[in-house]
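Reading through the structure tokens given below for one structure.
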Amino acid sequence: MHLGGLRTAFFNYLFARKNKGQFILRIEDTDRKRIKPGSIENLNAMLEWTGLIPDESPKKGGQFGPYIQSERLDKYQEKAEYLLKTGTAYRCFCSETRLDILRKEALRTREVRGYDNKCRHLDPDEIEQLLKEGKSYTVRFKIPEGPVSYNDVVFGSQTYDVSANEGDFIIIKSDGFPTYHLASVVDDHLMEISHVLRGTEWLISTPKHILLHQALGWQPPKFAHLPLLTNR
């Protein structure tokens, strides 16, 4: 855990204590390429050393477990299937080669948008044929048109139009694991999280999370984005 992460944990701990809430440790390990042996043990040791003892965690347990996301895959798959059935998500069969070309073109033209939503327009027969052929796919969320507005506890009123600036984003990867976007939204709801305190690097993702909450019929938690630590 770096210093910025420790500070964020400290703010979450203090907020939970002040409001008589629960300080929950959740291990978000859905990005399998970034997993390092011993990282969970090191995280627990750091929190214990600083006195930031979670009320619920993989080590301590609790009513909302399991607290390791790789042990909760069925919950994410269930919600992804719901979004597919309601038409707010779709299967994307685009190859990594094609996606890489789109990313490079976006960099060349200095555009934010990375994906062109090609597979959003596949008809059911095409999808069925691709599935029969065993084609690998991801699941993307179909971004609705229009701006998303919300009130950030720290930065105040925020408005961002995801549909005008970005392509439909992935919620289930080709390996069956969820992205941070879906996993965090599902867990925040199922674990009854009332407030999300995190760094400002996630400010741009918050409208996506609000849209996912809405598509699943849930009320989003309150968001508070903390300024990053700098050496100046």
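Listed here are the pairs Lys33/Lys85; Lys132/Lys208; Lys33/Lys132; Lys132/Lys173; which of them are more than 27 Å apart at the Cα?
Pairs exceeding 27 Å: Lys33/Lys85; Lys132/Lys208; Lys33/Lys132.
Once every DSSP H run of n ≥ 4 in the chain is given -39500 (n - 2.57) and the sum is divided by its residues, what mean residue ellipticity at 222 nm do you get, rounded to the nearest 500 deg cm²/dmol?
Calculated mean residue ellipticity at 222 nm is -11500 deg cm²/dmol.
I'd like the antiparallel share, as a percent to the nearest 5, of DSSP beta bridges with both residues in the chain.
Antiparallel bridges: around 65 percent, rounded to the nearest 5.
Tell me the angle of helix 96-109 to the major Cα principal axis of the chain, expressed in degrees between 0 and 90 and rounded to the nearest ten.
Taking the Cα atoms of the chain, the angle to 96-109 is about 80 degrees.
Taking only C-alpha pairs under 8 Å that are 6+ residues apart, what is the relative contact order of region 1-108 in percent?
So the answer I get is 25 percent.
Dipole size in debye (nearest 20) for region 137-177 around its Cα centre, Lys and Arg Cβ +1, Asp and Glu Cβ -1?
140 debye
Between 0 and 90 degrees, rounded to the nearest ten: what's the tilt of helix 206-215 against the longest Cα principal axis of the chain?
70 degrees
Only one of the values (i) 1.21; (ii) 1.02; (iii) 1.09 was calculated from this structure for Cα Rg over 2.2 N^0.38 Å; name its label.
(iii)
May I ask for the Kirkwood hydrodynamic radius of region 128-214, worked out over all distinct Cα pairs and given in angstroms to one decimal?
14.6 Å
Run the Debye formula on the Cα coordinates of region 74-188, all scatterers equal and no solvent, and tell me log10 I(q)/I(0) at q = 0.14, 0.18, 0.19 1/Å.
Here log10 of I(q) over I(0) equals -0.68, -1.06, -1.16.
Read-outs throughout are calculated quantities, based only on the coordinates presented, and are distinct from any laboratory measurement. Note that the structure is predicted; figures quoted are calculated from it, not measured. Virtual Cβ from ideal backbone geometry, glycine too; neighbours counted across all protein chains shown.
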